[in-house]
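Derivation of every value follows stated rules applied to the coordinates shown; laboratory data play no part. The structure displayed is predicted, hence computed values, not measured ones. As a convention, Cβ positions derive from the backbone with ideal geometry for all residues, glycine included, and neighbour counts pool all protein chains shown.
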């Protein structure tokens, strides 16, 4: 029925501020822009992250990014003044959480090697 997740859609208050934050802070590549939304490529996968100006609401949905260097990624975000959570361990995965300028929650994970 489905072949992939096409995009994760996030609402933001200010599209221009968010564009700068997602490009400069998260290092994402802007691949498409319309007057209403921006689409970013995330790493090597096919799925994208779409941000659109709109009403920001609390959500139980949280995009999870993968990093081969979790601690380095966390430190890089801290250096860019992003408030990040502590590194947590959940069985075979380590992860931490952070939020964008509008409070949209994200998680970054890395698999533990056995």
Rank these for me by crowding, 65, 1, going from fewest to most other beta carbons within 10 Å. 1, 65
For residue 16 and residue 30 in the same chain, what is the full-extension length gain: residue separation times 0.36 nm, less their Cα-Cα distance, in nm? 3.8 nm
What order, most packed first, do the peptides 8-16, 73-81, 28-36 have when packing is the mean number of other Cβ atoms within 10 Å of each residue? 8-16, 73-81, 28-36
For helix 70-79, what angle does its Cα long axis make with the longest principal axis of the chain, in degrees from 0 to 90 and rounded to 10? 50
A student applying the Cα gyration tensor rule (rounded when a/c is under 1.5; otherwise prolate if a/b is larger than b/c, oblate if not) would label segment 20-65 oblate
Let a ≥ b ≥ c be the square roots of the eigenvalues of the Cα gyration tensor of segment 56-114; is it rounded (a/c under 1.5), or, if not, prolate (a/b larger than b/c) or oblate? oblate
Of [x] 14, 46, 28, 11, 1; [y] 13, 44, 35, 8, 0; [z] 12, 32, 20, 12, 10, 10, 4, 1, which one was derived for P(r) over Cα pairs in 10 Å bins from 0, in percent from the structure shown? [y]
Most exposed first, judged by fewest Cβ atoms within 10 angstrom, 5, 44 run 44, 5
Test of understanding: ordering 66, 106, 2 by Cβ neighbours within 10 Å, fewest first, what list do you get? 2, 66, 106
